[in-house]
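Asks: Sharing a structure below in structure tokens format, with a few things to ask.
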Ligand SMILES: [Mn+2]
């Protein structure tokens, strides 16, 4: 294997001041797995390092090695260098970070750039895949079971447990190496798939009742009203992954989940594509972003009807671009 030079390694090697590794808000396994793996590695290298997240570590991620060491953001501490992982920029941390230098490690297209030391590769299946490359180039011998487990969790979940279109031979090669370092595939799956609470299943039941289908079954979506959380005792983090239910319908090209956030006066949207339609472009047209097959945005609207209307209009434009539906008569081109 040819070792590529990764500039952020030199930056980290020289860094003597306190370092913060930050996940994005409402963390998933890729952002938190990346942050924890890098944090555990840097600790071994004798660095002064913290791992931070705006939110409390959610139940579904509490098994990640080192999860108990995550500090809540914001904090009064001033950092010399802060790195945001698996996010398009520092705004995705959702909390203020006091820092002299900033850097980003990510596999999203676009986003903010802070310095040439940013390590961004949209072809990577997960951010943990990039962190793994970074750690291998720096010091393979310092990768242990806990680090590998964090990296594997991000890789497994960002590929839908090796089912999504970002899964290829390199993904399995990477998974194999992480398993050789001690990551446990079965245990990881059990931790993610077989620890649901009764509250979460009650939430699912309410959410499935909201299923809507548009454009002859090409589009399907669900809505998670804020009252559902109150009625079931669920938290916002429990909405993670629910978009996969409308996605599972036969014939669907674009699936969405619309989540009411009355505290912010907006609706949060998760979009998924089964392959043809680029949902990153749809999200971008609404001020968001993401990948071709998974993206998100926020819609400011006074009512549910207005939010759905704007979302379905944007999705329709995406379908038109791919020739899946005819352009409406009289519509501007
Ligand atoms: Mn990711």
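The values are calculated or read from the model by the stated rules, or taken from the named source; none is laboratory data. Because the structure is predicted, anything quoted here is derived from the model rather than measured. With ideal geometry, Cβ positions are generated from the backbone for all residues, glycine too; neighbour counts draw on all protein chains shown.
Asks: Before we move on, is residue 252 touching a residue at least 40 places away in the same chain (Cβ under 8 Å) and either in contact with a strand residue (DSSP E or B) (Cβ under 6 Å, 6 or more places away or on another chain) or within 19 Å of residue 160 (Cβ to Cβ) (or both)?
Replies: No, not satisfied.
Asks: Let me ask another. Pick out the one residue from 56, 16 that is under 18 Å from the mean Cα position of the chain (by Cα) and surrounded by fewer than 18 Cβ atoms within 10 Å (Cβ to Cβ).
Replies: Testing whether each residue is under 18 Å from the mean Cα position of the chain (by Cα) and surrounded by fewer than 18 Cβ atoms within 10 Å (Cβ to Cβ) leaves just 56.
Asks: Further question on the same structure: Would you say residue 92 is assigned to a helix (DSSP H, G or I) and under 30 Å from residue 123 (Cβ atoms)?
Replies: When the stated conditions are applied, residue 92 passes them.
Asks: Would you please name the residue that is nearest to the chain's Cα centre (by Cα), looking only at residues in the range 104-132 that are in a strand (DSSP E or B) and within 13 Å of the ligand (Cβ to nearest atom)?
Replies: Within the range 104-132, the match that is nearest to the chain's Cα centre (by Cα) is 106.
Asks: Go through (1) free of Cβ contacts under 8 Å to residues at least 24 places away in the same chain; (2) crowded, with 20+ Cβ neighbours inside 10 Å one by one and return the number of the condition residue 96 breaks.
Replies: (2)
Asks: Could you list all residues from the range 43-62 that are in contact with a helix residue (DSSP H, G or I) (Cβ under 7 Å, 6 or more places away or on another chain), modelled with pLDDT of 95 or more, under 14 Å from residue 33 (Cα atoms) and part of a loop (DSSP other than H, G, I, E, B)?
Replies: Within the range 43-62, 57 is the sole residue that qualifies.
Asks: Please go through (1) part of a loop (DSSP other than H, G, I, E, B); (2) buried (at least 17 other Cβ atoms within 10 Å of the Cβ); (3) within 16 Å of the ligand (Cβ to nearest atom) for residue 183 and return the number of the only condition it doesn't satisfy.
Replies: So the condition that residue 183 fails would be (3).
Asks: Only one of 164, 152 is touching a strand residue (DSSP E or B) at 6+ places or on another chain (Cβ under 9 Å), within 14 Å of the ligand (Cβ to nearest atom) and within 24 Å of residue 244 (Cα to Cα). Can you tell me which?
Replies: Just a single option satisfies the conditions, and that option is 164.
Conditions tested, residue by residue: (1) free of Cβ contacts under 8 Å to residues at least 24 places away in the same chain; (2) not assigned by TED's automatic domain parsing to the domain that holds residue 262.
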site: 173; (1), (2): yes, yes
site: 178; (1), (2): no, yes
site: 183; (1), (2): no, yes
site: 210; (1), (2): yes, no
site: 213; (1), (2): no, no
site: 222; (1), (2): no, no
site: 232; (1), (2): no, no
site: 238; (1), (2): no, no
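Asks: Let me ask something additional. Could you tell me whether the range 94-103 includes any residue that is assigned by TED's automatic domain parsing to the domain that holds residue 72 and within 16 Å of the ligand (Cβ to nearest atom)?
Replies: Taking every residue of the range 94-103 in turn, none turns out to be assigned by TED's automatic domain parsing to the domain that holds residue 72 and within 16 Å of the ligand (Cβ to nearest atom).
Asks: Another question, then. Just to check your reading of the model, which residue among 65, 74 is within 29 Å of residue 190 (Cβ to Cβ), assigned to a loop (DSSP other than H, G, I, E, B) and away from the ligand (no atom under 16 Å from the Cβ)?
Replies: On inspection, the qualifying residue turns out to be 65.
Asks: I'd like to check something: does the range 133-148 contain any residue that is within 14 Å of the ligand (Cβ to nearest atom) and either surrounded by 20 or more Cβ atoms within 10 Å (Cβ to Cβ) or part of a loop (DSSP other than H, G, I, E, B) (or both)?
Replies: No - not one qualifying residue is present in the range 133-148.
Asks: Restricting the first residue to the range 124-141 and requiring it to be not assigned by TED's automatic domain parsing to the domain that holds residue 37, which pairs with a second residue that is at pLDDT 95 or above and more than 16 Å from the ligand (Cβ to nearest atom) meet a Cβ separation below 7 Å and a spacing of at least six or different chains?
Replies: Once the first residue is not assigned by TED's automatic domain parsing to the domain that holds residue 37 and sits in the range 124-141, no partner that is at pLDDT 95 or above and more than 16 Å from the ligand (Cβ to nearest atom) comes close enough.
Asks: Keeping to the range 5-26, report how many residues are within 19 Å of residue 95 (Cα to Cα) and without any contact (Cβ under 8 Å) to a residue 40 or more places away in the chain.
Replies: Summing the residues that are within 19 Å of residue 95 (Cα to Cα) and without any contact (Cβ under 8 Å) to a residue 40 or more places away in the chain in the range 5-26 gives 0.
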